[in-house]
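Below is one structure, written out as structure tokens; comments come after it.
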Amino acid sequence: MTELIIPDIPNGMKTAIMVVLMIAVFYLFLIRPQSQKAKKEKEYRDSLQKGDQLMTAGGIHVTFVSRENNMATVEAAPGCRMKVQIDTLQPLPERKG
């Protein structure tokens, strides 16, 4: 009779601990690295200066000219300027070998 009145506390605690551990694992392996990567990319884009060599998301190698809000003016060749979204710019990949 007392088994029906008193809940099984250890099993409930096990479930709660498992949920907390799953949340911690998701945070440590998914959410935190993604937010750190986004922060690093934002810092990189904020530090762009005229003359920096970059690459667009489409793979075009360009030179940074100026920034206006979320748009950037880049130069693909002398006299060939384009406006692109600042989020599409990334550093040039390092050459191997």
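Using equal-weight Cα scatterers in the Debye expression, the normalised intensity of the chain in log10 at q = 0.10 Å⁻¹ is -0.48. Between residue 77 and residue 36, the modelled label-to-label distance comes to 4.2 nm, taking each label 7 Å out from Cα in the direction of the beta carbon.
Helix 9-26 and the long axis of the chain differ in direction by around 10°, with both axes built from C-alpha atoms. Non-local lysine pairs in the chain, meaning eight or more places apart or on different chains, with alpha-carbon distances under 22 Å, amount to 5. Seen against the Cα atoms of the chain and their longest principal axis, helix 32-46 is set at about 20 degrees. What fraction, in whole percent, of alpha-carbon pairs in the range 8-47 exceed 10 Å separation? Here the tail beyond 10 Å accounts for 73 percent of pairs.
Every read-out reported here was derived from the displayed coordinates using simple, explicitly stated rules and does not represent laboratory data. Fair warning: this is a prediction, and the values are worked out from it, not measured in the lab. A quick note on method: Cβ atoms are made from the backbone with ideal geometry, for glycine too, and the neighbour counts reach across all protein chains shown.
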